[in-house]
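Every number here is computed from the coordinates shown, using simple stated rules; none is lab data. Computed from a predicted model, the values in this text were never measured in an experiment. No Cβ is skipped: glycine too gets one built from the backbone with ideal geometry, and neighbour counts run over all protein chains shown.
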């Protein structure tokens, strides 16, 4: 975790080439397969993979719980970086999310695999702490493990 008191970060080596990680991210049908910790499921409601494009996922838990997450892609650098936020919807329309954050996902070649870094930027230390207490490290870590397994099968 970073020393910044508004940032949470996970960085892992994935034993998969960067292009396969990118494909798992860039295709909404693929994203739905690994996006949230199983046994939860993901419905990709909007996926306009370009800066200013909608990024909306809806997750369902086996106990009936749900998590609705509309957002907006801010930056996409092919095979290197994806940035999205929950504070905007597509077309740069402001939203009022239940957890305001900006996610910065970075991909870099490392050996025969990929260094995958996921950072979440929060508006203040309280939101960062809330996200951490919700299980950021376990939840996002599980999704990264699922991403790696999915990409290895492709």
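Subtract the Cα-Cα distance of residue 27 and residue 93 from 0.36 nm times their separation in residues, and report this length gain in nm to one decimal. Don't skip to the answer; put the middle values down first.
On the way: separation 66, 0.36 × 66 = 23.76 nm, distance 2.33 nm.
Roughly 21.4 nm would be gained on extension.
If each DSSP helix of 4+ residues adds -39,500 (n - 2.57) and the sum is divided by the residues in the chain, what number results at 222 nm, nearest 500 deg cm²/dmol? List each step's numbers first, then the result.
Working: 4 runs with 43 residues, N = 154.
That calculation yields -8500 deg cm²/dmol at 222 nm.
Can you give me the Cα centroid spacing of the stretch 88-154 and the stretch 1-40 in angstrom?
Centre-to-centre distance over Cα atoms comes out at 7 Å.
Assign one of three labels to the stretch 1-76, namely rounded, prolate or oblate, based on the Cα gyration tensor with a ≥ b ≥ c the square roots of its eigenvalues; rounded applies when a/c is under 1.5, prolate when it is not and a/b is larger than b/c, and oblate otherwise. Before the final figure, lay out each step's value.
Numbers: a/c = 1.27, a/b = 1.16, b/c = 1.10.
Because its axes are fairly even, with a/c under 1.5, the stretch 1-76 counts as rounded.
So, by mean Cβ neighbours within 10 angstrom, what's the order for 11-17, 71-77 with the highest one leading?
On the way: 11-17: 16.4, 71-77: 18.1.
Descending mean neighbour count gives 71-77, 11-17.
For the stretch 95-154, just say rounded, prolate or oblate: build the C-alpha gyration tensor, square-root its eigenvalues into a ≥ b ≥ c, call rounded for a/c under 1.5, and beyond that prolate if a/b exceeds b/c, oblate if not. Walk me through the numbers before you get to the answer.
Details: a/c = 2.52, a/b = 2.05, b/c = 1.23.
Verdict is prolate for the stretch 95-154.
Provide the FRET efficiency to the nearest 0.05 for the residue 149-residue 66 pair, computing r from the beta carbons and using R0 = 22 Å. The partial results should precede the final answer.
Numbers: r = 25 Å, r/R0 = 1.12.
Using R0 = 22 Å, I get an efficiency of 0.35.
Suppose we look only past 21 Å in the calculated P(r) of the stretch 7-153. What percent of the Cα-Cα pairs does that tail hold?
Values: 4384 of 10731 pairs.
Above the 21 Å cut-off, the stretch 7-153 has 41 percent of its Cα pairs.
Tell me the label-point distance for the pair residue 11, residue 129, using the 7 Å Cα-to-Cβ offset, in nm and rounded to one decimal.
2.6
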